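Reviewing the structure listed below.
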Amino acid sequence: MDISVILQAFQGALQPLMLLFIFTGVFFGIIAGCIPGFTFTMAIILAFPFTFGMEPVQGLALMIGIYIGGLSGGLISGTLLGIPGTPSSVVTTFDGYPMTKKGESARALGIGILSSVFGTFIGAIILFLLGPLVAKVSLLFGPWEIFSLIVFALTLVAGLSGASLSKGLLAGSLGLLIGTIGISPSGQVRFDFGIDQLASGFSPIPVLIGLFALSTLFINIEEIKQNMTKDGQDISILKQKVKIPYFQVIKDVYKEKWNVIRSSVIGCFVGCLPAAGAESANFISYDQAKKFSKEKNKYGEGHPGGIVASESSNNAVAGGAFIPTITLGIPGDVAQAVMIGALILHGITPGPGLFNTQPILVNSIYVAIFISGIAVLVLQTLLLPLLTRITLIPKTFLVPSILFLSTVGAFALNNRLFDIWIVFFFGIVGFLLYKINVPLSPVILGLILGPTLEAEMTRAFQMNSEISVFFTRPISLLFLILAVISFVVTIIQVRKQNKDKEQLNV
Amino acid sequence: MFIRYFVSKNTSMKRGSFIMKKAMLGLLMLVMLAALAACGSSNNATAETGDNGETTSFPEKSIKLVIPYPPGGGTDVLFRLVAQYAEEELGQTIVPTNMAGATATVGSRSVKDADPDGYTILGTHQVVATAEHTGVVDYGFSAFDPVNLITSTPHIPSVSKAFSEENGIENINDLIEYVEEGNKVTWAYTVGSEDHYTIAALLDAAGVDPRSLNYVSYDGTGPQYAAILANQVDGMTGDYASGKGYFDEGTLVPLGMVDEERNPFLPDVPTIIEQGTDFAVTVDRGILAPKGTPEEVKEIISDAFEKALENPELQEKIEELGSFPHYMDTEDYKTHLEELDSKMSELAPKMEF
């Protein structure tokens with residue numbers, strides 16, 4: 001590694017214009033991330049035309065800013081309202097929202113922000129130091145390994161998202177079932193019920209908005225009908241003093257330092273696997289954090305460790321996703337693909353040679369990720385007093401506003417009016433599920449992971465029709481064993497919990 | 001509406017932290033603006049229905065160019081680039097709109113059903129026909145009015161370095177022989193996509209059953225390269241733009257150029273025709289309009305693209321992307337598509353469609 005190249009990258013990145021691009025990017029990324037339906041991918045696409053007129057490094061810096069900001073921004077609405085801003089912040093709601101309910105929203109947000117900053121840093125460090133090595137390891141992951149990894153992630157979904165295992169499983173299966181609608185991996189259209197629009201299946205974002213945001217609106221309507229809201233109290237929103245426990249937040253995160261590192265490493269590694277995605281990383285990190293914690297039973301009721309696990313792994317994914325992009329020239333997700341597209345338009349071909357042909361550019365990526373992490377910290381800390389007040393706005397105004405923005409976002413994602421109907425439909429589904437106490441997050445995870453699971457399985461069988469390969473490849477076998485263990489452990493835990501409850505009742 | 005709420009609230013609250021209020025309002029406005037921008041960029045072209053009588057003044061507003069693929073891919077990048085130059089000739093903006101999904105039929109369907117006024121057009125390639133022959137949709141090229149051809153991109157069937165060294169496969173004939181001997185070759189493809197057609201048609205032209213390869217399906221080219229690097233598959237149908245880095249590095253061995261002539265960027269790779277198999281089909285990206293679009297409108301669009309493609313700066317940029325500027329006017333493009341479609345429908349039964 002040539003030191004002068006790194007110094008040049010730093011020199012380039014620390015110019016006022018570059019810093020401006022990164023901070024602008026992070027700011028819009030945070031906004032896009034915190035509104036369900038506005039994803040950072042969309043923000044990056046919107047920024048895409050602007051990069052035409054920039055230097056490649058500047059364009060990339062802007063996009064990286066959006067990317068990092070967006071990954072972190074999802075925690076805001078997830079923590080404050082229980083409506084995840086992005087699919088990858090679903091897990092953050094598990095502990096973030098209960099903390100808000102307890103009146104600790106500022107603390108929860110602070111923990112989330114700090115964890116996502118550390119996650120970003122650790123991800124970037126792994127990318128910088130171990131990138132090529134991790135890339136080599138990731139190539140060992142064929143369709144069999146990814147299939148087994150997702151099976152493992154799915155077994156965690158049911159157990160983690162609620163008190164009732166069977167209801168969690170039910171929700172997960174529902175998500176998997178919805179995921180089968182559309183074009184199968186072998187190219188046939190199925191379950192479209194003769195509706196042409198269904199041929200492309202359900203994309204997760206409209207479903208997420210419907211399930212979480214619209215159903216919240218329905219629940220609110222019901223609550224309002226039951227007890228008419230007291231008028232007048234809302235005027236005090238901006239006057240009310242909000243105390244932000246900065247010291248407490250630092251203490252919380254310090255207490256969870258191993259959790260931060262573990263979750264970031266998991267996030268970074270899963271992020272670099274093609275197709276596995278940030279969503280599975282979050283669940284695995286959360287599960288690991290819970291297993292290692294001394295206060296297992298407090299997870300899900302507002303434990304700082306839950307937020308730490310989710311947010312640090314969520315942001316470490318960024319460093320991970322850049323590994324295949326830089327070392328192999330293969331974009332890890334759509335956001336990365338757009339960034340590569342911008343580079344191609346500037347005549348830079350990403351690929352295995354990128355490191356040798358554009359060393360300064362590659363090092364600028366590392367630097368930009370780092371600076372974005374700092375920007376996330378600065379901007380979100382500054383916004384914190386404002387953000388915590390969001391919870392003080394009466395939901396009668398807040399939820400419809402969010403819903404309006406989200407629905408626009410759902411439409412703009414693929415420019416299809418039909419997606420708004422999907423939002424509406426899943427709003428009703430979400431409300432009904434809420435009424436019968438079925439957790440919503442497994443539905444979304446099932447929908448996201450199901451199609452990948454099936455595509456990988458099809459690929460595995462197209463390569464080798466033997467089912468035994470899943471068990472003879474060591475990494476695949478490892479994940480399958482972990483899946484079985486996690487399932488058995490969950491059943492035992494749930495039984496024990498139920499027994500405890502019975503004893504209490506008797 | 002809720003902006004008004006906040007505004008009135010703002011005035012009613014005389015005391016209290018003013019800056020905070022302003023900041024909150026500003027933030028809200030910003031978000032609203034972003035929302036409107038996001039929806040405006042995709043809405044403006046469909047808002048009004050054009051009047052067929054007034055075509056002489058076409059275009060009076062921006063034109064929506066639907067790209068049926070996600071942003072950042074080869075098709076997206078090419079169309080965005082060309083659209084930038086064509087809108088200067090048109091005097092109106094062209095708004096690239098990504099509508100991805102369902103083997104590119106989400107986008108094609110929306111254009112097929114759009115008003116035939118020239119304000120909604122589709123930028124696509126052979127996938128329109130493959131989607132029909134794979135049975136994803138029941139319409140193909142004939143459901144559209146062709147406008148003009150823009151670029152041609154030659155495919156490059158390639159194998160991994162390991163596979164090439166192990167079995168001594170350096171050109172397309174080596175591969176054909178190897179397959180004819182009954183050996184198993186695992187080939188990455190995207191089911192029902194244009195690369196699927198190219199490899200199948202090539203093998204068919206060489207007298208080999210296209211079904212003799214062991215196909216593994218991937219969503220797009222990126223994951224195919226990953227599978228090659230990991231030695232999970234033996235070969236794939238790539239192109240210069242996306243494969244350059246791998247060709248340079250030697251991890252991907254090009255077997256031949258599927259084109260009439262050699263590619264100046266890869267002068268050492270002979271064409272398939274040079275190697276004795278009479279086959280040359282490029283990926284042809286062009287503009288389609290909804291059926292019934294007035295002739296004059298199509299001509300105006302087509303002329304704009306023709307002039308844009310004469311610009312040497314654009315030509316150079318297209319070539320950097322591994323494609324070649326290839327303009328064809330409405331009539332020629334129509335004949336070209338008809339020929340292509342009949343060839344594809346002949347081959348369809350042999351492609352496990």
Expressed as a whole percent, how much of the Cα-Cα distance distribution for the stretch B:157-240 exceeds 18 Å? 35
For B:Lys61, the aspartates and glutamates lying under 18 Å Cα to Cα, once residues fewer than eight places off in the same chain are dropped, come out as B:Glu48, B:Asp51, B:Glu87, B:Glu88, B:Glu89, B:Asp115, B:Asp117, B:Glu296, B:Glu299, B:Asp303
Cross-link partners among aspartates and glutamates for A:Lys251, C-alpha distance below 16 Å, same-chain residues fewer than 8 apart left out? A:Glu104
Going by a ≥ b ≥ c, the root eigenvalues of the Cα gyration tensor, does chain A fall in the rounded group (a/c under 1.5), the prolate group (a/b larger than b/c) or the oblate group? rounded
Could you tell me the calculated FRET efficiency between B:Ser57 and B:Glu313, based on Cβ-Cβ distance and R0 = 22 angstrom, to the nearest 0.05? 0.15
DSSP beta bridges in the protein assembly as shown [antiparallel fraction, %, rounded to 5]: 60
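Determine the shielding of peptide B:242-254 by partner chains: average, over its residues, the number of Cβ atoms on other chains within 10 angstrom of each Cβ.
For peptide B:242-254, the averaged partner shielding equals 4.
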Per-residue ellipticity at 222 nm for chain A, helices alone: DSSP H runs ≥ 4 residues times -39500 (n - 2.57), over residue total, nearest 500 deg cm²/dmol? -24500 deg cm²/dmol
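Can you give the translational diffusion coefficient of the protein assembly as shown in µm²/s, computed by Stokes-Einstein from the Kirkwood radius over Cα pairs at 10 °C and 1.306 mPa s?
57
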Given a Förster distance of 30 angstrom, what is the FRET efficiency for B:Glu346 paired with A:Asp196, based on the Cβ-Cβ distance and rounded to 0.05? 0.65
Order of A:Val429, B:Val258 - criterion: other Cβ atoms within 10 Å of each residue's Cβ, fewest first: A:Val429, B:Val258
Using C-alpha positions alone, give me the convex hull volume of the stretch A:60-199 per residue in cubic angstrom. 180
Does the stretch A:88-144 classify as rounded, prolate or oblate by the C-alpha gyration tensor (a ≥ b ≥ c root eigenvalues; a/c under 1.5 gives rounded; else a/b over b/c gives prolate, otherwise oblate)? oblate
Could you line up B:Arg262, A:Arg389 from fewest to most neighbouring Cβ atoms inside 10 Å? B:Arg262, A:Arg389
Debye intensity ratio I(q)/I(0), log10, the stretch B:178-318, q values 0.14, 0.17 Å⁻¹ (C-alpha model): -0.81, -1.06
Show me, for the stretch A:111-121, the HN-Hα J-couplings you get by feeding each phi into the Karplus relation (A = 6.51, B = -1.76, C = 1.60, θ = phi - 60°), rounded to Hz, glycine and proline as x. 4, x, 5, 4, 5, 5, 5, 4, x, 4, 4
Taking amide H positions as placed 1.01 Å from N in the peptide plane, with prolines and chain starts having none, which residues 5 or more places from B:Val95, or on another chain, fall under 5 Å of its amide H? B:Ile63, B:Lys64, B:Leu65
Rounded to a whole number of µm²/s, how large is the Stokes-Einstein D of the stretch A:284-397 at 25 °C and 0.890 mPa s, given Rh as the Kirkwood radius over C-alpha pairs? 142
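Starting from the stretch B:157-266, pick out the GluC sites (Glu not before Pro) whose DSSP state is loop and whose Cβ has at most 15 other Cβ atoms within 10 Å.
B:Glu170, B:Glu181, B:Glu260, B:Glu261
With a 10 Å Cβ neighbour count serving as the proxy for reagent exposure, in which order, fewest first, do A:Leu273, A:Leu75, A:Leu140 appear?
Listed from fewest to most nearby Cβ atoms, that is A:Leu140, A:Leu273, A:Leu75.
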Determine the shielding of peptide A:48-54 by partner chains: average, over its residues, the number of Cβ atoms on other chains within 10 angstrom of each Cβ. 2
Here FRET efficiency (C-beta to C-beta, B:Glu166 to A:Leu7, R₀ 45 Å, nearest 0.05) is 0.55
Read phi for every residue in the stretch A:91-102 and hand back ³J(HN,Hα) as whole Hz from Karplus 6.51 cos²θ - 1.76 cosθ + 1.60, θ = phi - 60°, with x for Gly and Pro. 5, 4, 5, 3, 10, x, 5, x, 5, 4, 4, 7
From the phi of every residue in the stretch A:489-495, what ³J(HN,Hα) in whole Hz does the Karplus formula 6.51 cos²θ - 1.76 cosθ + 1.60 yield, where θ is phi - 60° and glycine or proline is x? 4, 4, 4, 4, 4, 4, 4
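Is there a pair in A:Lys167/A:Lys435; A:Lys167/A:Lys496; A:Lys243/A:Lys294; A:Lys290/A:Lys496; A:Lys255/A:Lys290; B:Lys64/B:Lys307 whose C-alpha atoms are over 21 Å apart, and which pairs would that be?
A:Lys243/A:Lys294
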For B:61-71, what's the mean count of beta carbons from other chains sitting within 10 Å of each residue's beta carbon? 2
Sorting A:Gln188, A:Ile6, B:Ile94 by the position of each Cα along the dipole of the protein assembly as shown (Lys, Arg +1; Asp, Glu -1; all at Cβ), the one nearest the positive end of that ordering is A:Ile6
In percent, how large is the relative contact order of chain A, given Cα pairs closer than 8 Å and 6 or more residues apart? 29
Label-reachable residues, the stretch B:229-271, where backbone N falls under 19 Å from a point 7 Å from A:Lys136's Cα toward its Cβ: B:229-232, B:249-252
Distance (nanometres) between label positions extended 7 Å along Cα→Cβ at A:Lys294 and A:Phe52: 6.0
Excluding exposed DSSP-loop GluC sites (Glu not before Pro) (at most 14 other C-beta within 10 Å), longest clean stretch of chain A: A:1-294
Quote the relative contact order of the stretch B:260-353 in percent (integer), defining contacts as alpha-carbon pairs under 8 Å separated by 6+ residues. 14
If you average the alpha carbon positions of the stretch A:320-376 and of the stretch A:179-200, how far apart do those two centres end up, in angstrom? 34
Taking amide H positions as placed 1.01 Å from N in the peptide plane, with prolines and chain starts having none, which residues 5 or more places from B:Thr151, or on another chain, fall under 5 Å of its amide H? B:Arg285, B:His326
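Rule-based calculations on the coordinates, nothing more; no lab input. All values reported here derive from a predicted model rather than from experimental measurement. Note that each Cβ is placed from the backbone with ideal geometry, even for glycine, and that neighbours are counted across all protein chains shown.
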